[in-house]
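Any read-out appearing in this document is the output of simple, stated calculations on the displayed coordinates, not a laboratory observation. Keep in mind it's a predicted model, so treat the numbers as computed, not measured. Please note: Cβ atoms are built from the backbone with ideal geometry, for glycine as well, and neighbour counts cover all protein chains shown.
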Amino acid sequence: MIKRSFFTLTQPKLKYDLIEPDPKEPESIPVPSSLILLLNEPIDSTRQSLIKKGTCVKKGEKICLYDGSTEYTISPVAGTISSIDTYSDDFGNISTYIIIKSNQSQTTDMSALAYDLKEDIASADEYLRPLPGAPPLAMLASEDSKINTIVITCADSDLLSTTRQYIAVKYLDKIKEGALILKRLSNAAKICAIVPQGLKIQADFDSMQVVNTANEYPSNLPAMVLKDHFNTILPAGKTPSDVGYCFISAEAVVSLANAYKNKTAGFEKVLTIIGKQGNKYRVKATIGTPLRKIFNQFSIHINDQDRIVIGGPMTGFATFTPHHPVRPDMDVVIVQDRDHIPELSDNPCVNCGKCIQACPAGIPVNMLVRYLEVDQYEEAADKYDLESCIECGLCAYVCTARIPLYQYIRLGKHEILKLRADI
Ligand code: SF4
Ligand code: SF4
C-alpha cells in the first residue's frame, strides 16, 4: 500500500462561515405528532422482538429490538409505536426505523425517565449514546479503546454550518462541565478543544488546551486537525481512534453535562438549515422530527426533484424525502432547488489534473477513479491510495468533467471495508 504524505492544498480556497456576533436563540420547532427514530440493527424475523406496533413507550425509555441487543435508541416522547420497518441507507446498509405517535397531552410537560447514571463510562454508554451531538460513548467504553486524547470540536467540519460554534458561544460553561465529566469517566490523559480562528472564546476555557483551526476548508476535518496541530499523520485506512484520538462535538459534551446533572436525557438538537435561496436558519428540533416539519415552519416548499442534503455541501449526502428525521449527529441541512443542483455527468475524465492539485492527501484521484468506476476496489486501494482519502470532497468540487468522484470514493471505501471484514 502506498503511504503518501499530505501535500499543501493549492486550490480552491473555500472558507468556513464564522458565526455572527451575539447569535440569536434558535427557533424552536414544536414536537410533532409522529417521530421517526432509526436503530442501527436490522429486523430479524426469526427472533421475538421486544417491541411491536402498539407498544407504549415513556419519554426517555430505551428501545431495543431484541433481548441482548447492544444497539438502542431512546424515545424523546411518551407515546405508542405505530410502525417498525426496514430502512436502507445509500450504501444498502440495512437498519430499522420506528415511528412513535406521541401522546401530545403528556409530551410537553412530562419529564423524561430518570437514569441510574454511575460514574463510569459503561454507565454513560448504557443510557446516553443517542443524545444530541451523538457522543461517541461506544468507542470510549470499548474494551479495546486506546483513547489517549479527547478533542472537543467547537469548529464545524463542513461549510455553511455554524451549529457547533453556536453551542460553543452559548454553552461554554456546560462544555467545561462536560469536559470534567469526560475526564472522570474515561481513561483519556488529555482533553483539549478546537476552536475556529476568529471565534473569541478561547480565553475562557480555563486550563484546557485550545487549538485554533484555520478558516479555510478542510482545516476542521479530524485528519487535518491531527496533522496540523497534533503532529500526527493518520495512516491509510485508520481512524483517529486507532491512533488514540476521540473527536466529540461541543453539543455532545453539553448533552453529557446536562444528562449527568439532571440524571436524564435531553432531546433537542440544534441545526443549521440552509434554504433554497441560501437563507440560513438556526433551529432547535426534537430528535426524530421529520425535516418536513422544519421546512414548513420557514415556508420552504419541497418540489419534485429538489434535493435535500444532510451534512453540508462538501461531505453531505442527499435524500429525496422530506420525511427524513432529525438525527443526533445532524448539524446542517441544505435544500437545493432542482434548477440549481450542480450537474453530475458520465463524461470521461479530461485529465485536467485539478483533482490532484486540490487533494490534501496527495491522491492521484484521476487514476483512482478509473478503478472505482469498474468496481476494482482492491486495486484502487493498493495502487492509488484509496484508503488515504480523508473524505473532504474537494476533488469532486473542482472536477472539470463533473464526475461524482466523492460518491465513487465513499462507496469504494465502504466496499473495501466490507472486503477486509470478510477476510
Ligand atoms: S475526497 Fe477527494 S480531494 Fe478529498 S482527500 Fe479524498 S480523494 Fe482527496
Ligand atoms: S478533475 Fe476530473 S476531469 Fe480533471 S483530472 Fe480529475 S477526474 Fe479528470
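Between LYS280 and HIS323, what length in nm is gained on full extension when 0.36 nm per residue of separation is reduced by their alpha carbon distance?
Contour length minus the Cα-Cα distance gives 13.5 nm.
Take the cross-link list LYS59/LYS413; LYS170/LYS190; LYS59/LYS276; LYS183/LYS413; LYS101/LYS284; LYS13/LYS418 and give me the ones stretching past 27 Å between alpha-carbons.
Those over the limit are LYS59/LYS413; LYS59/LYS276; LYS183/LYS413; LYS13/LYS418.
Once both axes come from the Cα atoms, what is the angle between helix 172-185 and the longest principal axis of the chain, in degrees from 0 to 90, rounded to 10?
That works out to roughly 90 degrees.
As a footprinting exposure proxy, order LEU131, LEU234, LEU417 by other Cβ within 10 Å, with the fewest listed first.
The most exposed by this proxy come first: LEU417, LEU234, LEU131.
Using Cα springs under 10 Å in a Gaussian network model of the chain, which residue among ASN347, ASN296, ASN103 shows the largest mean-square fluctuation?
Sorting by GNM fluctuation, first place goes to ASN347.
Counting only DSSP beta bridges with both residues in the chain, what percent are antiparallel, rounded to the nearest 5?
65
Name every cysteine in the chain that ends up alone, with no second cysteine's Cβ under 4.7 Å, or say none.
So far as the 4.7 Å Cβ criterion goes, CYS56, CYS64, CYS154, CYS192, CYS246, CYS349, CYS352, CYS359, CYS389, CYS392, CYS399 stand without a partner in the chain.
With a/c under 1.5 counting as rounded, go ahead and sort the chain into rounded, prolate or oblate using the C-alpha gyration tensor (a ≥ b ≥ c being the square roots of the eigenvalues; past the cut-off, prolate if a/b is larger than b/c, else oblate).
In terms of gyration-tensor shape, rounded.
Is region 191-259 rounded, prolate or oblate when judged by the Cα gyration tensor, a ≥ b ≥ c being the square roots of its eigenvalues, rounded requiring a/c under 1.5 and prolate requiring a/b larger than b/c?
Oblate, because a/c is 1.5 or more while a/b does not exceed b/c.
When Lys and Arg each count +1 and Asp and Glu each count -1, what net charge do the other residues less than 10 Å away from ILE403, Cβ to Cβ, add up to? Display every interim value, and only then the final one.
Values: positive: ARG402; negative: ASP346, GLU373.
Taking every other residue near ILE403 into account, the sum is -1.
For region 121-262, just the Cα atoms, rotate onto the principal axes and tell me the three extents in Å, largest first.
Per principal axis, max minus min of the Cα coordinates gives 38, 37, 28 Å.
For every helix of n ≥ 4 consecutive DSSP H residues, a contribution of -39,500 (n - 2.57) applies; sum these over the chain, divide by its total residues, and give [θ] at 222 nm rounded to the nearest 500 deg cm²/dmol.
-7000 deg cm²/dmol
Measure nothing but the geometry: give the 0 to 90° angle between the long axis through the Cα atoms of 405-422 and the longest principal axis through the Cα atoms of the chain, rounded to 10°.
Tilt of helix 405-422: around 70 degrees.
For GLU27, what residues show an amide H to amide H distance below 5 Å, using hydrogens built from the backbone and excluding near sequence neighbours?
For GLU27, whose amide H was placed from the backbone, the distant partners under 5 Å are ARG282, VAL283, LYS284.
7 Å from Cα along Cα→Cβ at both ASP206 and LYS383: what's the point-to-point distance in nm?
In this crude label model, ASP206 to LYS383 measures out at 5.6 nm.
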